[in-house]
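**Q** For reference, the structure I am asking about is given below.
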Amino acid sequence: MNGGRTMPWADLEALSMRARDVGARLHMDGARLWEAQPYYGRSLADICRLFDSVYVSFYKGLGGTCGAMLCGESSLVGIARAWLVRLGGSMFTLAPHWLDAQMQLRAHRGGFEARFEKLREVVQALSGDALVSKILRFEPPIPQSCLVHGYIASEAPRDVVEAAHERVASATGTWGPQTPPLPRTPSWRGGGRSAESSLPARSGAPPRRGPGAKDEGGGR
């Protein structure tokens, strides 16, 4: 998945078959696997079966504190574990992260279908509004996962757009990722602010980072 767009199932199958035909290993960066699964309408096992190894995130989608899991043959996992130590990624204990990830997985794993349908409903409603559609567009136009990017048409300077975003974010608790500098000419603006069907921040937790943010603590 790239920016909310998801590879068609037939292409995934063809890619997997081609990799096997030439003797290549196929790895899935499944950071957004939870969000993409409802689009395919297939089980996680069916999707992962096309790959030799799979990385899955516990903080993206599930909302865990941090962390990830590498799934594959025991020989591969053993090599990865050794390199994790060599590169300084080993910790004295992963128990707090593991327990939090387990809790989030149990609580939210079955809710992505509803999040996907809700996002499709919202995007369809906003895109179908004659006034809203003049200033707002989505990419992809029809959600292919629990994530889309929203672009706002504006001729206002960057600081005015950013100030408006801050007011809305503060009022609604919806925060997107940081964006690169915006062009100074009239255009579709927003730098790819993401509209994600996501979990609310947990009580007492720090403000949630945007879905595009990178934080590999205790992760890969």
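The values are calculated or read from the model by the stated rules, or taken from the named source; none is laboratory data. Not measured: the values here are computed from a predicted model. Backbone-built Cβ (ideal geometry, glycine too); neighbour counts: all protein chains shown. The area values use the complete protein model at the heavy-atom level, side chains included, leaving out ligands, DNA and RNA. Shrake-Rupley method; radii C 1.70, N 1.55, O 1.52, S 1.80 Å.
**Q** For residues that are small (Gly, Ala, Ser) and assigned to a loop (DSSP other than H, G, I, E, B), scanning just region 56-99, find the one that is nearest to the chain's Cα centre (by Cα).
**A** Top of the filtered list is Gly61.
**Q** Quick check, is Gln102 over 30 Å from Arg25 (Cβ atoms) and polar (S, T, N, Q)? Please lay out each step first, then the result.
**A** Numbers: over 30 Å from Arg25 (Cβ atoms): no; polar (S, T, N, Q): yes.
Judged against the criteria, Gln102 is not a match.
**Q** Give me a count of the residues in region 104-126 that are more than 22 Å from the chain's Cα centre (by Cα) and of a type outside the set (A, V, I, L, M).
**A** 0
**Q** Does at least one position in region 19-37 carry a residue that is in contact (Cβ under 8 Å) with a residue 12 or more places away in the chain, basic (Lys, Arg) and over 24 Å from Arg115 (Cα atoms)?
**A** yes
**Q** Looking only at region 59-91, which residues are open to solvent by less than 30 Å² (accessible area, probe 1.4 Å) and in contact with a strand residue (DSSP E or B) (Cβ under 6 Å, 6 or more places away or on another chain)?
**A** Within region 59-91, just Ala68 meets the criteria.
**Q** Moving to a separate point now. Would you mind listing the helices (runs of 4 or more DSSP H) fully within region 100-188 where at least 3 residues are modelled with pLDDT of 90 or more and of a type in the set (Gly, Ala, Ser)?
**A** In region 100-188, the matching helices (runs of 4 or more DSSP H) lie at 112-127.
**Q** Here's something else I'd like to know. So, restricting to helices (runs of 4 or more DSSP H) that lie completely within region 1-51, which ones have at least 1 residues that are of a type in the set (Phe, Trp, Tyr)?
**A** The qualifying helices (runs of 4 or more DSSP H) are 9-21, 33-40.
**Q** Filter region 14-45 down to the residues that are open to solvent by less than 80 Å² (accessible area, probe 1.4 Å), farther than 19 Å from Leu105 by Cβ and not polar (S, T, N, Q) and list them by number. Working first, answer last.
**A** The initial filter retains those residues of region 14-45 that are open to solvent by less than 80 Å² (accessible area, probe 1.4 Å), namely 14-16, 19, 23-24, 26, 28, 30-38, 40-41, 43-45.
Next, from what is left, pick out any that are farther than 19 Å from Leu105 by Cβ: 14-16, 19, 23-24, 26, 40-41.
Selection gives Ala14, Leu15, Ala19, Gly23, Ala24, Leu26, Tyr40, Gly41.
**Q** Check Arg137, Arg120, Arg109, Arg115 and return the single one that is charged (D, E, K, R), touching a residue at least 12 places away in the same chain (Cβ under 8 Å) and in contact with a strand residue (DSSP E or B) (Cβ under 7 Å, 6 or more places away or on another chain). Walk me through how you get there before you give the answer.
**A** On the way: Arg120 fails: in contact with a strand residue (DSSP E or B) (Cβ under 7 Å, 6 or more places away or on another chain); Arg109 fails: in contact with a strand residue (DSSP E or B) (Cβ under 7 Å, 6 or more places away or on another chain); Arg115 fails: in contact with a strand residue (DSSP E or B) (Cβ under 7 Å, 6 or more places away or on another chain).
None of the others qualify; the one that does is Arg137.
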